[in-house]
Amino acid sequence: MKAWREGRRGAPDGAALAELQRRGIDLDPTGGADGHPPGEPAHEHPHHRSEPGEPPLVGFIGAGAVGTALGAALHRAGWPVVAVASRDEARRDRFRSLVPGVRAFVEAPAILDEAELVILTVPDDVIQRLATELRLYGGQALIHTSGVLGAEALEPARAAGTQIGAFHPLVAFADTERAIAALHGATVAVEGDDELASLLAWMAEAIGATAVRLAPGSKAAYHAAAVLSAGGFVALLDAIAELGRAAGLDEPGSLAVYGGLIEQTLGNARALGIRAALTGPMTRGDVGTLARHLEALERLAPAALPLYRAAAEREIALAEARGSLGSDAAESMRRMLAMPV
């Protein structure tokens, strides 16, 4: 807030202040010239505290899809979500509509005077820069929801007696209410010292999820698998729909026709294991079928061809590993995949 005030040429007029207050936006929640009340040393415990044994006061920096869904889920679970910061007015309003009574701010540092647990729900590329703009009070914790960055990304914000960590729900946040529902039974990867990890596990339990602690150095691989499960799967669906259009199906038609096969395959994988669930021409060494597929893809859906080739290579390796595909047939199929159509 200090940087914002220093950049102003004067105070807002009365009408502007009234409009900001109507929106629930505080320009200066503390009244001090440096962001702290006069006479109070910086970086002591925040002004507002939870009672012993109760959940901490929670504030969000970022009101996008993840922050809004997580804030609403915590609010519905009875956790005190007290503040949100976002420079996007529409996102602030959306957050406040789902979390009544929350205080809204334009600038991130104001959250530090409101909350004990501060959650960064901003894009991964912003986290480390934002951490350099924050300075925690003693007794506060700062966490982010990135799936790929470690807690150490928040190190610049630490002060004596503070904690940093991470809380990554393995949920697709395409729709707020669907995401909130999906948190029930979801997995959340948490980072932090034992005390903070215990708190984050409690928070995960409150929204119906289960917390896990990952092996050191494995978070990027864990997140890459998550990306394949969500975005990668959507890319695969898009390729399926493109081929469906060549067969005269619209997108809902493709989802109706192929969705059942996808669900059956997932069920087989759960019941039998991934390798045993593999079916299709790659398991049989059916070179002729592969050739026809490649020709059709090149002619009707060339953008899907690289994805088909990559998947076929993986299928051939799986079929070899389980013993259903001989080495000669596997080599013939790999040569065909490598050749121009």
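The values are calculated or read from the model by the stated rules, or taken from the named source; none is laboratory data. A quick note: this is a predicted structure, and the numbers were derived from the prediction, not measured. Positions of Cβ are backbone-derived with ideal geometry, glycine not excepted, and every protein chain shown enters the neighbour counts. Keep in mind that these areas ignore ligands, DNA and RNA; they rest on the heavy atoms of the full protein, side chains included. Shrake-Rupley method; radii C 1.70, N 1.55, O 1.52, S 1.80 Å.
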Self-check item: Extension gain (nm, one decimal) between VAL212 and VAL227, 0.36 nm per residue minus Cα-Cα
Solution: 3.6 nm
Quiz prompt | Fraction of beta bridges assigned by DSSP in segment 109-203 that are antiparallel (%, nearest 5) | solution = 35
Practice problem: List the longest stretch of the chain that has no exposed loop site; here a site is one of the trypsin sites (Lys or Arg not before Pro) assigned by DSSP to anything other than H, G, I, E or B, with at most 15 other Cβ within 10 Å. | Solution: 214-341
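For segment 127-244, what is the convex hull volume of the alpha-carbon atoms per residue, in Å³? Write down the numbers at each step before the final one.
Working: hull volume 14.8 nm³, N = 118.
Taking only Cα atoms, segment 127-244 has a hull volume of 126 Å³ per residue.
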Quiz item: Of VAL122, VAL287, VAL227, which has the largest mean-square fluctuation in a 10 Å C-alpha GNM of the chain?
Solution: VAL287
Quiz item: Taking all protein chains as present, what is the carbon and sulfur share of the accessible area of the chain, in % to the nearest whole number, probe 1.4 Å?
Solution: 55
Quiz item: From the Cα gyration tensor of segment 234-330, with a ≥ b ≥ c the square roots of its eigenvalues, which class applies: rounded if a/c is under 1.5, or else prolate if a/b is larger than b/c, or else oblate?
Solution: oblate
Quiz item: Which whole-Hz ³J(HN,Hα) couplings does segment 141-152 yield from phi under the Karplus relation 6.51 cos²θ - 1.76 cosθ + 1.60, θ = phi - 60°, glycine and proline marked x?
Solution: 10, 10, 10, 10, 10, 5, x, 10, 7, x, 4, 4
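Just for the chain, what percent of DSSP beta bridges are antiparallel, to the closest 5?
Numbers: 4 of 27 bridges.
Counting DSSP beta bridges with both partners in the chain, the antiparallel share is about 15 percent.
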Quiz item: Per residue of the chain, what 222 nm ellipticity follows from adding -39500 (n - 2.57) for every DSSP H run with n ≥ 4, rounded to the nearest 500?
Solution: -14000 deg cm²/dmol
Practice problem: Starting from the Cα of ALA246, move 7 Å in the Cα-to-Cβ direction to define the label point; list residues of segment 311-328 whose amide nitrogen is under 20 Å from there. | Solution: 311-316
Practice problem: Please give the per residue accessible area of segment 144-209, computed with a probe of 1.4 Å over protein heavy atoms only, in Å². | Solution: 41
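Dipole size in debye (nearest 20) for segment 161-245 around its Cα centre, Lys and Arg Cβ +1, Asp and Glu Cβ -1?
Working: 4 positive and 9 negative charges, 49 e Å.
Charge dipole of segment 161-245: 240 debye, to the nearest 20.
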Practice problem: Please give, to one decimal in nm, the separation of the simple spin-label points placed at ARG309 and GLU195, each 7 Å out from Cα toward the Cβ. | Solution: 5.6
Self-check item: Test item: Cα-centred dipole of the chain, Lys/Arg +1 and Asp/Glu -1 on Cβ, debye
Solution: 700
Exercise. Report which label in [x] 81, 45, 33; [y] 91, 45, 34; [z] 62, 51, 40 holds the value of Cα extents along the principal axes in Å derived from the coordinates of this structure.
Key: [x]
Quiz item: Taking a spot 7 Å from the Cα of ASP124 along the direction of its beta carbon, which residues of segment 225-262 have an amide N less than 20 Å from it?
Solution: 225-236
